[in-house]
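**Q** Sending over a structure as structure tokens; questions will come in a sec.
The values are calculated or read from the model by the stated rules, or taken from the named source; none is laboratory data. The model shown is predicted, which means the values in this text are computed figures rather than measured ones. Here the Cβ positions follow ideal geometry from the backbone for every residue, glycine too, while neighbour counts run over all protein chains shown. Calculation scope for accessible area: heavy atoms of the full protein, side chains included, ligands and nucleic acids excluded. Shrake-Rupley method; radii C 1.70, N 1.55, O 1.52, S 1.80 Å.
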Amino acid sequence: MLNQKDLIEILKTNKILDEKQLKSLATKAATSGKSLEDFIIDQKMITPQLLYESAAAYYRLPFYDLKNKSIRQDILLLIPKTAAKTHQTVAFDSAGTELKIATLDPSDLEFFDFLAKKTQLDLKLHLTTPDGLGDVLKQYHKSITAEFEDINVEMAQKGASGVESLKDLAHDLPIVKIVDTFLDYAIAEKASDIHIESGEQDVTIRFRVDGILKKVMTLPKSTHDGIIARLKILSNLKLDEHRLPQDGRFKIKSKDYQVSCRISLIPTFDGEKAVMRLLPDQAKQLTLENLGFQPKPLEIVQRAMTRPHGMILVTGPTGSGKTTTLYTMINILNKPEVNISTIEDPIEYRMPGVNQSQVQPKIGFTFATGLRAFLRQDPNIIMVGEIRDLETADIAINAAMTGHLVLSTLHTNDAVTAIPRLIDMNIPTFLIASTLNLIIAQRLVRKVCRNCLESYNPDQKMISEMEKSFDIPRLEKILIEQGQLGPTQTLKNVLFYRGKGCSQCGQTGYKGRVGIYEVLENDEKLSKLILAKADRGDLERAALESGMMTMFQDAFLKAKNGVTTIEEILRVAKE
């Protein structure tokens with residue numbers, strides 16, 4: 001953090017803000033309880049990168065961007081983790097008698113003097129950004145294996161004596177350390193889920209990262225009861241209930257993050273299994289472009305969102321990002337002149353200015369009863385977490401018909417199948433045809449790591465795999481229409497991309513995920529087919545004739561542009 005006096009001088013010297021603007025911003029920052037630096041960055045008046053580059057020039061120091069940099073452990077550990085966090089300073093390079101360090105506080109001369117004496121090296125001071133420093137501080141983690149080995153040693157030394165009940169066990173120090181450690185590592189690795197599974201002789205802990213489950217640790221069976229008891233206490237669940245499923249929630253807070261943890265416990269033959277879903281309390285403000293919509297489908301989605309009434313459905317299997325798409329739409333539609341109400345199970349992210357309700361089936365507060373109550377309050381926009389039954393579908397469609405914009409999700413594999421699914425629920429076809437604005441079907445694919453990207457031509461084995469799963473001539477035609485292929489080219493001589501594997505992506509070649517979509521807009525031709533109760537094949541032909549791009553055509557465009565890989569598309573296609 002830059003001190004406020006220097007910050008004001010930096011902003012004035014570089015003509016980023018004038019004195020009048022700074023005075024006004026300082027007042028607003030004080031009112032909001034934030035520092036001036038945090039406030040102007042939150043308001044997007046300047047990027048952290050530009051601010052700290054300007055600060056480096058002001059202090060006459062070189063600037064070094066630590067974002068996504070991997071530091072050698074022997075260099076990193078020249079400054080202990082506690083000192084690095086306290087003084088906001090890390091070592092990042094060494095050559096001969098010179099040690100390069102990066103800091104957020106160039107005025108901490110006493111610490112730099114101590115460091116020079118301790119290391120017996122000449123310090124070369126650099127300024128960096130808070131995000132870059134945060135990235136390097138994460139690298140102080142020991143491997144999770146080493147961390148758990150230490151805890152296992154501690155448990156062995158302590159022995160089982162003195163633990164008389166589940167409550168005592170849940171507060172036992174080694175158990176607390178185990179739970180804290182795997183939560184800390186899961187958050188650091190950006191895992192979406194933690195699975196704790198009891199076997200006959202051991203306990204397996206797995207993380208889901210970028211949609212893929214990976215085993216991170218096996219623990220002795222003796223730790224199982226303590227871990228489950230600890231999670232029950234954190235989630236305020238019944239400690240002595242082992243025969244019935246239980247669901248709960250708790251929050252994890254630190255200086256660096258705030259995460260909601262949703263927990264589900266089910267009884268299995270070898271003991272209770274726990275699955276935890278990790279949800280950042282402040283979801284990143286996404287845009288439809290960030291989610292991965294192509295220009296033409298994006299235009300269709302934006303057009304549907306401007307309509308005052310009707311229904312927008314997002315379909316796909318569990319874990320395909322449907323809720324994220326809905327939240328992104330709601331965030332765009334969320335304006336002071338619009339009233340928005342949502343009914344969800346559960347509320348995954350809090351959205352300021354939106355009235356969010358959570359279903360409580362035990363007391364009769366279901367999607368259907370919540371929807372009925374909403375209609376009495378006459379909101380402009382309603383979001384229903386999921387259409388599961390006829391009653392909910394019927395109320396939602398009638399709401400869409402009576403002047404409300406309704407957004408919801410449905411479990412189908414593609415966009416076209418949503419129509420027969422609604423008909424199977426006994427919704428009258430005239431209601432479906434007149435209220436349905438748009439159906440979006442989606443999946444998530446892993447993105448290629450940008451740090452280790454390489455190009456290649458697919459071999460014959462891969463071409464054969466693609467031919468089994470996809471209509472290659474049609475794909476080639478779409479790529480030619482999109483300007484991604486020359487008229488005489490085929491997929492055999494096209495450059496695709498993959499990640500070689502590096503320290504930033506954990507040697508997987510992938511980092512992050514992006515959506516692949518098909519967007520079906522209801523038009524006059526489709527409405528006539530719905531009224532005639534046309535079968536799925538006729539509906540699909542009409543959609544393709546009207547120019548709908550299928551999910552896997554979208555995926556191949558993304559693979560051609562280096563966003564994802566052919567292997568990843570084939571993996572998702574087989575799921």
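**Q** Mind checking which residues of region 470-498 are part of a strand (DSSP E or B) and open to solvent by less than 20 Å² (accessible area, probe 1.4 Å)?
**A** PHE496
**Q** With the structure loaded, tell me whether ALA191 is touching a strand residue (DSSP E or B) at 6+ places or on another chain (Cβ under 8 Å), open to solvent by less than 30 Å² (accessible area, probe 1.4 Å) and in a loop (DSSP other than H, G, I, E, B) or whether it fails that test.
**A** yes
Results for (1) of a type in the set (Asp, Glu); (2) over 30 Å from LYS221 (Cα atoms); (3) surrounded by fewer than 18 Cβ atoms within 10 Å (Cβ to Cβ); (4) touching a residue at least 40 places away in the same chain (Cβ under 8 Å), shown as yes or no for each residue.
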residue: PRO245; (1), (2), (3), (4): no, no, yes, no
residue: LYS253; (1), (2), (3), (4): no, no, yes, no
residue: GLU299; (1), (2), (3), (4): yes, yes, yes, no
residue: GLY316; (1), (2), (3), (4): no, yes, no, yes
residue: MET329; (1), (2), (3), (4): no, yes, no, yes
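**Q** Right, something else. Filter region 227-243 down to residues that are in contact (Cβ under 8 Å) with a residue 60 or more places away in the chain, within 16 Å of VAL275 (Cα to Cα) and either open to solvent by less than 20 Å² (accessible area, probe 1.4 Å) or not in a helix (DSSP H, G or I) (or both), then give me how many there are.
**A** 2
**Q** Take the residues in region 1-31 that are open to solvent by less than 40 Å² (accessible area, probe 1.4 Å) and within 19 Å of PRO106 (Cβ to Cβ); name whichever of them is nearest to the chain's Cα centre (by Cα).
**A** Residue satisfying both the conditions and the ranking: LEU2.
**Q** What tally of residues in region 31-52 results from selecting those that are under 15 Å from GLU9 (Cβ atoms) and outside any loop (DSSP other than H, G, I, E, B)?
**A** 5
**Q** When you go through MET329, MET351, MET311 one by one, which is the residue that is outside any helix (DSSP H, G or I) and either at pLDDT below 90 or under 23 Å from the mean Cα position of the chain (by Cα) (or both)?
**A** MET351
**Q** Separate question: So in region 546-568, with the set limited to residues that are of a type in the set (Val, Ile, Thr) and closer than 17 Å to PHE293 by Cβ, which one is least open to solvent (accessible area, probe 1.4 Å)?
**A** Initial filter on region 546-568 (of a type in the set (Val, Ile, Thr)): 550, 563-566.
This time we only want the ones that are closer than 17 Å to PHE293 by Cβ, so: 550, 563-564.
Working: THR550: 29, VAL563: 43, THR564: 0 Å².
Of everything passing the filter in region 546-568, THR564 is least open to solvent (accessible area, probe 1.4 Å).
**Q** Restricting the search to region 32-82, which residues are open to solvent by 80 Å² or more (accessible area, probe 1.4 Å), of a type in the set (Ser, Thr, Tyr) and more than 31 Å from the chain's Cα centre (by Cα)?
**A** If the condition is that a residue be open to solvent by 80 Å² or more (accessible area, probe 1.4 Å), of a type in the set (Ser, Thr, Tyr) and more than 31 Å from the chain's Cα centre (by Cα), then TYR58 is the only one that fits.
**Q** Look through region 451-466, keep the residues that are more than 15 Å from ALA555 (Cα to Cα) and assigned to a helix (DSSP H, G or I), and return whichever of them is modelled with the highest pLDDT.
**A** CYS452
**Q** Looking at ALA534, ALA543 in this structure, which one is free of Cβ contacts under 8 Å to residues at least 40 places away in the same chain and surrounded by 15 or more Cβ atoms within 10 Å (Cβ to Cβ)?
**A** Going through ALA534, ALA543 in turn, just one is free of Cβ contacts under 8 Å to residues at least 40 places away in the same chain and surrounded by 15 or more Cβ atoms within 10 Å (Cβ to Cβ): ALA534.
**Q** Answer with yes or no whether ILE343 is open to solvent by 20 Å² or more (accessible area, probe 1.4 Å) and either among the aromatic types (Phe, Trp, Tyr) or outside any loop (DSSP other than H, G, I, E, B) (or both).
**A** The answer is no for ILE343.
**Q** Within region 49-96, can you find the residues that are more than 26 Å from GLU110 (Cβ to Cβ) and either modelled with pLDDT under 85 or among the hydrophobic types (A, V, I, L, M, F, W, C) (or both)?
**A** GLN49, LEU50, LYS67, ASN68, LYS69, SER70, ARG72, GLN73 - these are the residues of region 49-96 that are more than 26 Å from GLU110 (Cβ to Cβ) and either modelled with pLDDT under 85 or among the hydrophobic types (A, V, I, L, M, F, W, C) (or both).
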